[in-house]
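What follows is a set of notes on a single structure, which appears directly below.
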Amino acid sequence: MTIRGNRVSAAGIAARFAIIFSLLFGCTGKSGAEPKAPPGKGMRVLFIGNSLTYANDLPLMVQALAKAGGKDMYVESVSYPNYNFEDHWNNGEALKALARMKWDFVVMQQGPSSLIENREDMRKWAKRFAPKIRKNGARQALYMVWPSLDRVAYFDDVREAYSLTAADVRGAFLPAGEAWRAAWRKDPKAPLYDSDDFHPSNAGTYTAALSIYGMLYKVAPQNLPPRLALANGDVVDLPPALAKLLQDAATEANKTYGRP
């Protein structure tokens, strides 16, 4: 694997890797299993990423937000620890998931990619995926993440990397990382990082999910519940005041930086 910049401990990888099997291919079991029939009228979203996608069940959180907003969404996720787009291309599971059905969006994420060589690698392999995604009839969407706490000065570089990549493939730009910054401007103590100062807390994932949900549906991600019941049985329950702050932050970031 060639991804750079993700600081994940061996214990963290092992713990998070277990989550993959509940998320991979729409919670249908291990890789290669046939998915449940998606809703006929719902939006279909395939997530391709690494631990910043599967941490705290991000795809299912986006799905739960859509349900709370009165919308149907079917999600599947192909996510492995430390993977970048090149790894996904070589692994082949993401390409199999893409080929199995028609999708509306393919949401793609790798590491922060703030370094020039990582940014260029992301752009190269996103462009490799682009013809297959377009052939499917889907729209590519780049999910901007965030740097680790010791590299917060590189937020602008992360945004530039994902924004340029989205432009390369004529895709949507989902500014989740900027939603984090907007939240911190409102409350510098907003608890968005997990204990390793890189992966998201539940609040951090909720913020990213708000941004993604808002951009995919072209709506302001506001007036949504602080408590979400996910399709796998997990529950996310944030303090109402914090949830409102994060919704305002995601709305601000999407309006300022997002490109549908």
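The values are calculated or read from the model by the stated rules, or taken from the named source; none is laboratory data. Computed from a predicted structure; not experimentally measured. With ideal geometry, Cβ positions are generated from the backbone for all residues, glycine too; neighbour counts draw on all protein chains shown.
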Check: List pairs: first in the stretch 195-224 and without any contact (Cβ under 8 Å) to a residue 60 or more places away in the chain and within 14 Å of residue 144 (Cα to Cα), second buried (at least 24 other Cβ atoms within 10 Å of the Cβ) and of a type in the set (Asp, Glu), Cβ under 8 Å, 6+ apart or cross-chain?
Finding: 211/178
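Report whether or not residue 251 is of a type in the set (Val, Ile, Thr), within 16 Å of the chain's Cα centre (by Cα), assigned to a helix (DSSP H, G or I) and at pLDDT 95 or above.
On the way: of a type in the set (Val, Ile, Thr): yes; within 16 Å of the chain's Cα centre (by Cα): no; assigned to a helix (DSSP H, G or I): yes; at pLDDT 95 or above: yes.
So residue 251 does not fit the description; no.
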Check: Assuming residue 15 fulfils every condition listed in (1) over 29 Å from residue 225 (Cα atoms); (2) among the small types (Gly, Ala, Ser); (3) modelled with pLDDT under 50; (4) surrounded by fewer than 16 Cβ atoms within 10 Å (Cβ to Cβ) apart from one, which condition is it?
Finding: (1)
Check: Which residue out of 219, 236, 158 is out of contact with any Asp or Glu (no Cβ under 6 Å at 6 or more places or on another chain), under 27 Å from residue 104 (Cα atoms), assigned to a loop (DSSP other than H, G, I, E, B) and among the β-branched types (Val, Ile, Thr)?
Finding: 219
Checklist line | Output for the stretch 117-135, where each listed residue is buried (at least 16 other Cβ atoms within 10 Å of the Cβ) and of a type outside the set (Val, Ile, Thr) | finding: 118, 119, 121, 122, 123, 125, 126, 129, 130, 132
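Do we find a residue being over 30 Å from residue 125 (Cα atoms) and either surrounded by 24 or more Cβ atoms within 10 Å (Cβ to Cβ) or not small (Gly, Ala, Ser) (or both) anywhere in the stretch 164-183?
Initially, the stretch 164-183 is screened for residues over 30 Å from residue 125 (Cα atoms), giving 183.
Imposing the further condition that a residue be either surrounded by 24 or more Cβ atoms within 10 Å (Cβ to Cβ) or not small (Gly, Ala, Ser) (or both) reduces the set to 183.
Yes; the residues of the stretch 164-183 include at least one that is over 30 Å from residue 125 (Cα atoms) and either surrounded by 24 or more Cβ atoms within 10 Å (Cβ to Cβ) or not small (Gly, Ala, Ser) (or both).
Scan the stretch 106-116 and tell me whether some residue there is under 24 Å from residue 226 (Cβ atoms) and buried (at least 21 other Cβ atoms within 10 Å of the Cβ). Can you show your working first?
Kept after step one, since they are under 24 Å from residue 226 (Cβ atoms), are these residues of the stretch 106-116: 107.
Now narrow it down to the ones that are buried (at least 21 other Cβ atoms within 10 Å of the Cβ): 107.
Within the stretch 106-116, one or more residues are under 24 Å from residue 226 (Cβ atoms) and buried (at least 21 other Cβ atoms within 10 Å of the Cβ).
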